[in-house]
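Let me begin by presenting the structure, written as structure tokens, before commenting on it.
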Amino acid sequence: MTARAVLVLFLFTLFGDTGAERGREGNALFEQEKYAAAATAYREGLSTLSDTTGVVYSGLQNNLGLALAREGRLDAARSALQRARRAATTDTQRVRILFNTAIVAAERGDRDAALRAFKAVLLLRPGHAAARFNYEYLKRQQGTRSAPEPSSIEPSPFAKRLKKRAEALVARTQYTTAAALLKDGLRKDSTVQAYQDFTARIEEIAQIARSAP
């Protein structure tokens, strides 16, 4: 089975009184797939707030963005998520909003924006499995579409076995180990070069993890 991107959107659970009550009603409507009604509830919740910062405002904007995305209004969804991100006060909030932003960007067909948002998630949370998977998936798709032709190098049986081992490590998010395995293998067998695009992708993800705070 061919791997596909993980297209999951994450609602915020809303606590409190002002605005949050309408937000909770919106969440219930969202779960019933009544996205237009959910968007209306989120907007009503936002209209009760005098402060455009903080967790309730950010959560309502995030959830509004998700409802709009499910309606197919992707540009409006992107704007709502931008407002949510600006109001976020914690890394936990930012990670969720950035992940949602990346998913909406991918659905809009903006691969570059999706990659930037997934990378931002990984800089904040290197262990975020879904962001890692989606980032690598989109990089692989990008490489497939940009490559003028397949590599002319025929990998040896050793190189093929090595790539399978590296893929198993990637499946466990062990990108640094996988990249090191392939680089070491290249010193022993020049046909490992046939997998240079794969190696470059996982090295980039490994570098993101190393550079994260």
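Bear in mind these aren't lab numbers, they're just calculated from the coordinates by the rules spelled out. Worth saying up front: this structure is predicted, and the values here are computed from it rather than measured. Note: ideal-geometry Cβ built from the backbone for every residue, glycine included; neighbour counts use all protein chains shown.
Values computed for the structure shown
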{"quantity": "Estimated distance in nm for a label pair at LYS183 and ARG140, the labels positioned 7 Å out from Cα along Cα-to-Cβ", "calculated": "2.2 nm"}
{"quantity": "Environment charge at THR173 (Cβ cut-off 13 Å; Lys +1, Arg +1, Asp -1, Glu -1)", "calculated": "+1"}
{"quantity": "Computed E for THR48/ALA76 - FRET, C-beta separation, R0 25 angstrom, nearest 0.05", "calculated": "0.75"}
